[in-house]
1. Placing the label point 7 Å from Cα along the Cα-to-Cβ direction, what are the distances from residue A:37 to the equivalent spots in the other copies, shortest first, in nm to one decimal?
2. What is the dipole size for the protein assembly as shown, taken about its Cα centre, with +1 at each Lys and Arg Cβ and -1 at each Asp and Glu Cβ, in debye to the nearest 20?
3. Any idea how far the Cα center of the stretch B:165-242 sits from the one of the stretch A:4-43, in Å?
4. Would you be so kind as to identify which of A:251, A:195, A:264 lies farthest towards the positive end of the dipole of the stretch A:195-274, taking Lys and Arg as +1 and Asp and Glu as -1 on Cβ and the Cα centre as origin?
5. Which distances, shortest first and in nm, link residue A:159 to the matching position in the other copies, using label points set 7 Å out along Cα to C-beta?
6. Would you work out which of A:66, A:44, A:15 lies farthest towards the positive end of the dipole of chain A? Charges go on Cβ: Lys and Arg +1, Asp and Glu -1.
7. Compute the helix-to-body angle for B:126-136: its Cα long axis versus the longest principal axis of chain B, expressed 0 to 90° and rounded to tens.
8. Let me have the 222 nm mean residue ellipticity of chain B computed from DSSP H runs of 4+ only, each contributing -39500 (n - 2.57), with the sum over all residues rounded to the nearest 500.
Amino acid sequence: MITLTSDFGSPYPAAMKGVIRRHTDAELIDVAHDLPRGDPRAAAFWLRFVLPEFPPAVHCAVIDPGVGTDRDALVVRAGSHVLVAPDNGLAMPPARALADEGEIEPFVVDADEPASETFHGRDVFAPVAARIRDGLGDDPATATAEGVAETLAAMDDLSPAGDPVDLVLPDPTVERDDAGEPVAVEGEVLAVDRFGNVVTNVPGELIRGRDWVRINDELTPVAETFGAVDKGDRLVTVGSHGYVECDVNDGRGDGAFDLRPGDSVRIVADNVSV
Amino acid sequence: MITLTSDFGSPYPAAMKGVIRRHTDAELIDVAHDLPRGDPRAAAFWLRFVLPEFPPAVHCAVIDPGVGTDRDALVVRAGSHVLVAPDNGLAMPPARALADEGEIEPFVVDADEPASETFHGRDVFAPVAARIRDGLGDDPATATAEGVAETLAAMDDLSPAGDPVDLVLPDPTVERDDAGEPVAVEGEVLAVDRFGNVVTNVPGELIRGRDWVRINDELTPVAETFGAVDKGDRLVTVGSHGYVECDVNDGRGDGAFDLRPGDSVRIVADNVSV
Amino acid sequence: MITLTSDFGSPYPAAMKGVIRRHTDAELIDVAHDLPRGDPRAAAFWLRFVLPEFPPAVHCAVIDPGVGTDRDALVVRAGSHVLVAPDNGLAMPPARALADEGEIEPFVVDADEPASETFHGRDVFAPVAARIRDGLGDDPATATAEGVAETLAAMDDLSPAGDPVDLVLPDPTVERDDAGEPVAVEGEVLAVDRFGNVVTNVPGELIRGRDWVRINDELTPVAETFGAVDKGDRLVTVGSHGYVECDVNDGRGDGAFDLRPGDSVRIVADNVSV
């Protein structure tokens, strides 16, 4: 199985699939091709969320603002999974989630001169992913971490990566009262989805059970569903990724809260009765 | 085969596919993941239109505004097809279309506590669909209505559903003249597609052959193609689902006609010569 | 393998897949279903770009503004590939790219009366593509140009097409100086993608190495990446299809340059030093 992720829209991913079909008939599953353009951190967040649901697979993820520069092409073994991605850090957060207790082994791809300056998804990453998948074969024994490690070690055009770019999704800072209860969190916006929902790095359990919190000083209701507030009204909820989201029912949270990826967000407990 | 339908956008359906791949390597076909958010009726309409094209399959459809409440998870046998969906009625109109003369058998899923409050597509519906598909096996004999019924009956976590929510897509009221010819129809808007085309429940044959009709009193040309009217102009046409649509060439019908899902629409014959 | 391309959005392509699954379990790969509506030329451009990446396959492409008129349904053999499309010319540019030195053989489909006036993707093109794929079988020998030709010749409902509509993507006119260096190009806009990027028919090598050009008299920087200019600023770049694009960083090139498909565009070399 090869999963495919990009910010390419359409029809570019089909060109990658055509190239892969010249090497292998392995199953292809699209993760997403509408991720935020040129944003490796948003991609890292979404892949860390989605990829651990899969059984061992080769994951080809091309969000590549540095295409055409001398950034490396990376192959990362994460336990019995393999990630193929540009060396901009996006592969590392999902690799840590996939490896669990397993080892993470990064490799640099010694690629031929690609046919294009701008479409390395087709010219570099898809062929590498296809050849790795082909190398793994269909023997279940190669789907173990050891089997995958041996397959990668045997590939001529992979060499151990000395110092791959890492991208660490930030942790929030939690302020607690004397009883150890959280009273405030300094977090950060990790991603804005295509509906304008603002995904933070603040774990959902920090707001569960509360009715109201202050988001950057603005009093906002906590709700489990969008429908709990009127259309056009703001709310704070916990997304299925487990993190606090700043949303608007039938509207865009990024505009209403004035929050973009990378912005800091302060969430303060508030015991209002209304 | 498992078909997948949702209002999740991306990349959430990929998480469902990962979960399914842990249970079965059955083929996965996306029906749509951009259906109107939280609108079981629109989903019922589109699934009733699309699913009957498929050979026997397991259809997993998650449009689930009640996620996190105590609504049941439902499995519905419709002839040799199986629908897996929240118990909000969306499964019943396509089930009736798929069962044809066959029997409809609804079951309630006795699900474990799901891992999330909000992503039962991943935590409840995808695993159930995968286990059903896995239980059916690849023996063509199980693809008969009887084979499917036996497989479902043998599943420990399914019990007959006493009174599943039904959702009946409304029928229009037709007024006829003394000769039995239709002169007016009271219909309803079933869905608005992403281009703003307004799909009604009025069968296309009621306007075929006419040049003009009144839509809620507004004189509108009947056309077979958008290009028959100028850009920005309104028209009435018959969509490939066979129902009357209120559209605008290169524009949005929902805005121009001021029609939303659930609104009533009166279509009156008019013999204008222009 | 059957690839699928349309301007149908969702969920219509799923109906085509259901129909195909009644005939064959051949793999289905989506090229795109969000191509510009009713624009065979844009489809021809994108298919000429994407399809040559694939190994031999049946390609079903339905951009069909003439649906419901008496335009023919066409099957075109291009070497060992087969295109199935309405007879509006869209199949010919990709056929020439796929055939390379091979032969191009067009056939007309003798179709039964389709079930709908407007959804020939489901009622005509998908069944024909499925039956051709089924006829080819899985013997690698039939994947040769000769094998494909024999399979098509044996199909009862195909007859040689006398004079299929051709659609020739225009070539630009290059003006050169005495040394043979290009100084100006008269080109044309082939397509606008969904980000508003304006794709011309001017080969990228005509602007490579330059810092500035005039686009319809407007001085514009040439850049390899969008990030080379400020957000909201215009640039000229070479897309992965190899052609000159007129873009705006984080904006829409079609608006900024006032260019739409079919418009002519004059690109003049300019040796500005800034």
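1. For residue A:37, the other copies' label points sit at 2.3, 2.3 nm, shortest first.
2. Values: 66 positive and 153 negative charges, 100 e Å.
In debye, rounded to 20, the protein assembly as shown gives about 480.
3. 40 Å
4. A:264
5. So the distances to the same position in the other copies read 6.5, 6.5 nm.
6. Among A:66, A:44, A:15, the one farthest towards the positive end of the dipole of chain A is A:15.
7. Computed tilt is about 70 degrees.
8. Values: 6 runs with 54 residues, N = 274.
Calculated mean residue ellipticity at 222 nm is -5500 deg cm²/dmol.
Only the coordinates and a few stated rules stand behind these numbers; no lab work does. Bear in mind the structure is a predicted one, so any value in this text is a computation, not a measurement. So basically every Cβ, Gly included, is an ideal-geometry build from the backbone, and we count neighbours across all protein chains shown.
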